[in-house]
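Step one of this worksheet: look at the structure below.
The values are calculated or read from the model by the stated rules, or taken from the named source; none is laboratory data. Quantities reported herein were computed from a predicted structural model and do not represent experimental measurements. Every residue, glycine as well, gets a Cβ built from its backbone with ideal geometry; the counts of neighbours run over all protein chains shown. Surface accessibility is based on the protein's heavy atoms, side chains included, excluding ligands, DNA and RNA. Shrake-Rupley method; radii C 1.70, N 1.55, O 1.52, S 1.80 Å.
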Amino acid sequence: MSAHLDTVFPEGTDTRVSEKEGKFFAPGIGDDTRGLAEVLSIVRALTQSNINTIGDIIIGGTVGEEGAGDLRGIKAYFNKNKANGYISIDGPNLEAITYLGTGSYRYEITYSGSGGHSFADFGTPSATHALGRAIAEISNIVTTSDPKTTFSVGPITGGSSVNAISETASMQVDLRSNSKSELDRLDEKFQEIVKEACEAENRRWESNTLTVDIHRFGNRPPAQQSEDLPIVCALQEAIIAVGKTPVLSGPSSTDANYPMSIGIPSITSGTGGQAGGAHTLQEWYDPKDGYLAVQKNFLLILGLVGIKDEIKPILKLLS
């Protein structure tokens, strides 16, 4: 079990907490500071209760869940260690069960050329023109709605002056899908467009000086599981035990993606209380009834690993 330590905010962001009318305000306080607080509460409950479990429990915090982190924390753990199951504590909904993973590929595309003076060197391929060609074609890609498949051009940079032919231009692109085959199909089309934009700009000026660098910096694998998996059913029962109604959520992108994609039963369990404003400087958290999520996950863990002389583990334990 883990929650993620990182937030979307850059180093130096003021994360001091303020309180108003029972709500706490701070960047990252819900995503995923609350998850970390619940993880620590579960550690304390396990320690103070002196319950003898049958299976081992490993609890920690991960890095790289947000932004360009590419799930590097959870990947590093599961690339070196075995496990029977995994629970991520994330998301502001106690009743939510995330058992499907949305995959994504993230790219930085950079066009590079010789550049020059906008008048004297007119006829030289322009990196920003190639970038514009690519963006225009990307915007026309047709994707499926089921499985949901999306694309987005994010930050773009390029050029040095209004009277200069651009030497370099770049963009960051996010490709997503709930299906690996659809994600790979979108990826193939995207890369064709990116390369063709470079070739088209060179052809326009009868040149071969412009080049393109395609750098993938993110690979979050999509993953599918059955809603009847024991780990999913166990979380449903734990939610019912604390007086709430479980909700099977649609696919999402969380730390659970990676272990799920390599065949380890994995879920993301929502936090308690109420939260809002995620990924903004106005993020807030209301702790009312937040303890119910700690109870839920405490029961879930005990059910999965079993208690000596009391209950058998729901998960098939490693030998």
### Query
Would you call LEU281 modelled with pLDDT of 95 or more, over 25 Å from ILE29 (Cβ atoms) and open to solvent by 70 Å² or more (accessible area, probe 1.4 Å)?
no
## Note on the structure
Going through (1) closer than 30 Å to LYS288 by Cα; (2) of a type in the set (Gly, Ala, Ser); (3) touching a Pro at 6+ places or on another chain (Cβ under 7 Å) one by one, GLY35 fails only at (3)
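Going by what's in this entry, would THR7 be described as touching a Phe, Trp or Tyr at 6+ places or on another chain (Cβ under 8 Å), assigned to a loop (DSSP other than H, G, I, E, B) and open to solvent by 20 Å² or more (accessible area, probe 1.4 Å)? Let's see the steps before the verdict.
Values: touching a Phe, Trp or Tyr at 6+ places or on another chain (Cβ under 8 Å): no; assigned to a loop (DSSP other than H, G, I, E, B): yes; open to solvent by 20 Å² or more (accessible area, probe 1.4 Å): yes.
No: the conditions fail for THR7.
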### Task
Test GLY243 against the stated conditions and say whether it is closer than 23 Å to GLY35 by Cα, assigned to a loop (DSSP other than H, G, I, E, B), at pLDDT below 95 and open to solvent by 10 Å² or more (accessible area, probe 1.4 Å).
no
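Pull up the range 203-238, narrow it to residues that are outside any strand (DSSP E or B) and touching a Lys or Arg at 6+ places or on another chain (Cβ under 6 Å), then point me to the one that is modelled with the lowest pLDDT.
Pass one, the range 203-238, residues outside any strand (DSSP E or B): 203-210, 221-222, 224-238.
Among the residues that remain, those that are also touching a Lys or Arg at 6+ places or on another chain (Cβ under 6 Å) are: 222, 238.
On the way: PRO222: 95, ALA238: 98.
Filtering the range 203-238 for residues that are outside any strand (DSSP E or B) and touching a Lys or Arg at 6+ places or on another chain (Cβ under 6 Å), the one modelled with the lowest pLDDT comes out as PRO222.
Taking the options GLY263, GLY272, name whichever one is without any contact (Cβ under 8 Å) to a residue 40 or more places away in the chain and within 16 Å of THR98 (Cα to Cα). Walk me through it before giving the result.
Working: GLY272 fails: without any contact (Cβ under 8 Å) to a residue 40 or more places away in the chain.
When all the criteria are applied, what remains is GLY263.
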### Task
Run LEU183 past the list (1) part of a helix (DSSP H, G or I); (2) more than 14 Å from TYR105 (Cα to Cα); (3) in contact (Cβ under 8 Å) with a residue 12 or more places away in the chain and report the number of the one that doesn't hold.
(2)
## Note on the structure
How many residues of the range 212-228 are out of contact with any Phe, Trp or Tyr (no Cβ under 7 Å at 6 or more places or on another chain) and either among the hydroxyl-bearing types (Ser, Thr, Tyr) or surrounded by 15 or more Cβ atoms within 10 Å (Cβ to Cβ) (or both)? The answer is 4
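Condition check: touching a Pro at 6+ places or on another chain (Cβ under 9 Å) and either on the phi > 0 side of the Ramachandran plot or part of a loop (DSSP other than H, G, I, E, B) (or both). Does SER104 satisfy that? Talk me through it step by step, then tell me what you get.
Working: touching a Pro at 6+ places or on another chain (Cβ under 9 Å): yes; either on the phi > 0 side of the Ramachandran plot or part of a loop (DSSP other than H, G, I, E, B) (or both): no.
It is false that SER104 is touching a Pro at 6+ places or on another chain (Cβ under 9 Å) and either on the phi > 0 side of the Ramachandran plot or part of a loop (DSSP other than H, G, I, E, B) (or both).
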### Query
Pick from THR110, THR124: which is touching a residue at least 40 places away in the same chain (Cβ under 8 Å), of a type in the set (S, T, N, Q), open to solvent by 20 Å² or more (accessible area, probe 1.4 Å) and part of a strand (DSSP E or B)?
THR110
### Task
Give me a count of the residues in the range 67-88 that are part of a strand (DSSP E or B) and aliphatic (A, V, I, L, M).
1
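Given the options GLU188, GLU201, GLU227, name the one that is within 30 Å of ARG133 (Cβ to Cβ) and in contact (Cβ under 8 Å) with a residue 60 or more places away in the chain. Give the steps one after another, and end with the answer.
Numbers: GLU188 fails: in contact (Cβ under 8 Å) with a residue 60 or more places away in the chain; GLU227 fails: within 30 Å of ARG133 (Cβ to Cβ).
Checking each option against the conditions leaves just GLU201.
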### Task
Among the residues of the range 165-214, write down those that are touching a Leu at 6+ places or on another chain (Cβ under 6 Å) and among the polar types (S, T, N, Q).
SER177, ASN202
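So which of GLY55, GLY64, GLY91 ends up being within 30 Å of LYS316 (Cβ to Cβ), touching a Pro at 6+ places or on another chain (Cβ under 8 Å), touching a residue at least 12 places away in the same chain (Cβ under 8 Å) and part of a loop (DSSP other than H, G, I, E, B)?
Values: GLY64 fails: touching a Pro at 6+ places or on another chain (Cβ under 8 Å); GLY91 fails: touching a Pro at 6+ places or on another chain (Cβ under 8 Å).
None of the other options fit; the residue is GLY55.
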### Task
Sort out which residues of the range 128-180 are out of contact with any strand residue (DSSP E or B) (no Cβ under 6 Å at 6 or more places or on another chain), open to solvent by less than 50 Å² (accessible area, probe 1.4 Å) and in a strand (DSSP E or B), and write them in order of number.
ALA164
